[in-house]
1. Can you name the condition, by its number, that residue 185 falls short on among (1) under 30 Å from residue 218 (Cα atoms); (2) crowded, with 17+ Cβ neighbours inside 10 Å?
2. In the range 149-167, which residues are crowded, with 17+ Cβ neighbours inside 10 Å and farther than 17 Å from residue 215 by Cα?
3. Name the one entry in 18, 63 that is crowded, with 18+ Cβ neighbours inside 10 Å, modelled with pLDDT of 95 or more and over 15 Å from the mean Cα position of the chain (by Cα).
4. Quick check on residue 85: is it at pLDDT below 95 and either touching a strand residue (DSSP E or B) at 6+ places or on another chain (Cβ under 8 Å) or in a loop (DSSP other than H, G, I, E, B) (or both)?
5. Grab the helices (runs of 4 or more DSSP H) fully contained in the range 209-290, keeping just those with 1 or more residues being at pLDDT below 95.
6. Yes or no: residue 192 outside any helix (DSSP H, G or I), at pLDDT 95 or above, touching a helix residue (DSSP H, G or I) at 6+ places or on another chain (Cβ under 7 Å) and farther than 17 Å from residue 271 by Cα?
7. Can you tell me which residue within the range 43-69, out of those that are in contact with a strand residue (DSSP E or B) (Cβ under 7 Å, 6 or more places away or on another chain) and assigned to a helix (DSSP H, G or I), is nearest to residue 120 (Cα to Cα)?
8. Run down 224, 170, 175 and say which single residue is surrounded by fewer than 18 Cβ atoms within 10 Å (Cβ to Cβ) and within 30 Å of residue 16 (Cβ to Cβ).
């Protein structure tokens with residue numbers, strides 16, 4: 001496999017695909033009461049749909065919909081609760097727009113229902129570890145699949161700025177890369193198409209501030225397996241160190257988020273999961289021109 005995503009297309013469900021020859025933005029839509037940045041703002045279907053259409057007008061290529069918070073310390077909810085939150089929103093979006101949709105879930109049952117309702121990809125922060133059946137769903141339905149590295153589940157995790165001792169890695173870049181390559185290999189063995197797989201190093205998930213920056217600095221190394229990567233630095237706690245400290249709320253970390261995404265772009269990433277779509281469209285559009 002090539003070490004570059006330039007010219008690649010990410011193959012998605014329902015006969016869709018997206019070329020990764022320029023920055024592509026995945027707008028975040030948390031239909032949850034407790035997400036770390038915007039929990040509660042888009043719980044209701046009308047507000048959620050309005051936000052989707054706004055992000056689309058700002059330049060979003062995809063919408064990533066999550067019904068369960070993955071912030072450190074978040075409480076888990078049932079698969080039925082997740083479906084009750086996300087399925088009406090997916091159906092409402094599909095009645096108003098053909099924008100690409102990914103479902104942010106670790107559960108096969110939720111993923112399958114979301115794809116059948118019109119979503120095009122599955123974004124699994126556990127990389128199929130929590131529910132191995134999820135990868136089988138992706139293979140059977142022929143949808144896109146994002147596999148992310150995390151050290152521990154949210155209930156056992158802390159914000160990057162809150163560790164008394166940093167998470168233990170011998171070499172965070174090599175270990176994250178090896179894990180993601182192993183999960184991609186497993187997904188292909190199960191039947192997921194190579195061109196349907198995107199990998200996510202999991203910034204903020206079981207990494208200290210310094211470990212997150214190491215992953216960003218070594219983006220080019222993480223891409224050596226040839227799979228496209230997802231850049232997902234948006235508003236995360238490790239950015240607080242350059243935003244004036246942890247007292248700066250997530251919503252005010254937009255410029256730092258764009259700067260981190262620009263660094264990832266220069267390392268080869270073309271797909272970005274973001275809260276501030278308009279800011280990223282400008283900042284990434286600028287570096288793409290040069």
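1. Checking residue 185 against (1) under 30 Å from residue 218 (Cα atoms); (2) crowded, with 17+ Cβ neighbours inside 10 Å, the one that fails is (2).
2. Across the range 149-167, the qualifying residues are 153, 154, 157.
3. 18
4. So residue 85 does not fit the description; no.
5. Of the helices (runs of 4 or more DSSP H) lying wholly inside the range 209-290, those with at least 1 residues that are at pLDDT below 95 span 209-217, 254-266, 277-289.
6. yes
7. Taking the candidates together, the pick is 52.
8. That would be 224, the only listed residue that is surrounded by fewer than 18 Cβ atoms within 10 Å (Cβ to Cβ) and within 30 Å of residue 16 (Cβ to Cβ).
The values are calculated or read from the model by the stated rules, or taken from the named source; none is laboratory data. Keep in mind the model is a prediction, meaning the values are calculated, not measured. Cβ atoms come from the backbone with ideal geometry, glycine included; neighbour counts cover every protein chain shown.
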